[in-house]
Amino acid sequence: MKIIKRLIWLVLIVVLGLIVYRVVFDVEKYNVLVNQEFTLKLYDYAKLDDTTIKLIKIKDERCKEENCDREGQMEYKLLVMNDMRFNIVTLKTLEEPDKKIEKTDYTIHWLEDKSDSATFKITEKVRKEEK
């Protein structure tokens, strides 16, 4: 009985280790500029100055039937880290493809989706010059 419990614990530890490896270490990092297009796969992240944007979830809400011509939308959840603040930004391809990132001057735009990734662009709010 002790051997079975130890094997179960060993399997759980290995699975947890694989998940942590995939989420934390096996990702791509991209340094991007304002108005530059970039493509992220799940758990990849982009760095823009002091803002980090990580794609944490892709939800396919499109019709999967053969006769519906893929109607529906894709939903992307992005984790935005800026100055020790964390925000979750949700972009939906039909309803809300652009969204202002809270407490920053940036807006993120969804441009194109693929089955396992999406292309985004970040724009900066135009600041009025002080006179």
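Worth pointing out:
- Remark: for residue pairs 92/125; 59/114; 92/121; 77/114; 29/125; 29/54, the C-alpha separation exceeds 18 Å in 92/125; 29/125.
- Working note: Karplus 6.51/-1.76/1.60 with θ = phi - 60° gives region 111-120 the couplings 10, 7, 10, 10, 5, 10, 7, 8, 10, 10 Hz, where Gly and Pro are set to x.
- Based on C-alpha pairs under 8 angstrom that are at least 6 apart in sequence, the chain has a relative contact order of 19 percent.
- Nonlocal amide H pairs with residue 44, under 5 Å, H built at 1.01 Å: 28, 55
- Cβ-placed point charges (K, R +1; D, E -1), dipole of region 1-54 about Cα centre in debye, nearest 20: 620 debye
- Phi angles across region 31-43 convert, under the Karplus curve 6.51 cos²θ - 1.76 cosθ + 1.60 with θ = phi - 60°, into 3J(HN,Hα) values of 8, 10, 10, 4, 6, 9, 7, 8, 10, 10, 8, 4, 6 Hz, Gly and Pro given as x.
- Residue (of 120, 20, 79) at the positive-pole extreme of the chain, dipole from beta-carbon charges: 20
- Nearest-ten-degree value, helix 2-20 long axis tilted from longest Cα axis of the chain: 20 degrees
- The share of C-alpha pairs in region 1-116 whose separation exceeds 21 Å stands at 49 percent.
- Rounded to the nearest 20, the size of the Cβ-charge dipole of the chain about its Cα centre is 840 debye, with Lys and Arg at +1 and Asp and Glu at -1.
- Computed over protein heavy atoms with a 1.4 Å probe, the accessible surface of the chain works out to 74 Å² per residue.
- With the simple model of a label 7 Å out from the Cα in the direction of the Cβ, residue 31 to residue 61 spans 3.7 nm.
- Spin-label pair residue 10/residue 88, simplified geometry with 7 Å Cα→Cβ offset, distance in nm: 3.7 nm
- Percent carbon-and-sulfur accessible area, region 12-84, ignoring ligands, DNA and RNA, probe 1.4 Å: 55 percent
- Between the amide H of residue 73 and those of 61, 62, distances stay under 5 Å, these residues lying 5 or more places away or on another chain, with hydrogens modeled in the peptide plane.
The values are calculated or read from the model by the stated rules, or taken from the named source; none is laboratory data. As the structure is a computational prediction, the values presented were derived from the model and not from experiment. Every residue, glycine among them, receives a Cβ derived from its backbone with ideal geometry; neighbour counts consider all protein chains shown. Each accessible area value is taken on the protein alone, full model and side chains, heavy atoms only, with ligands, DNA and RNA left out. Shrake-Rupley method; radii C 1.70, N 1.55, O 1.52, S 1.80 Å.
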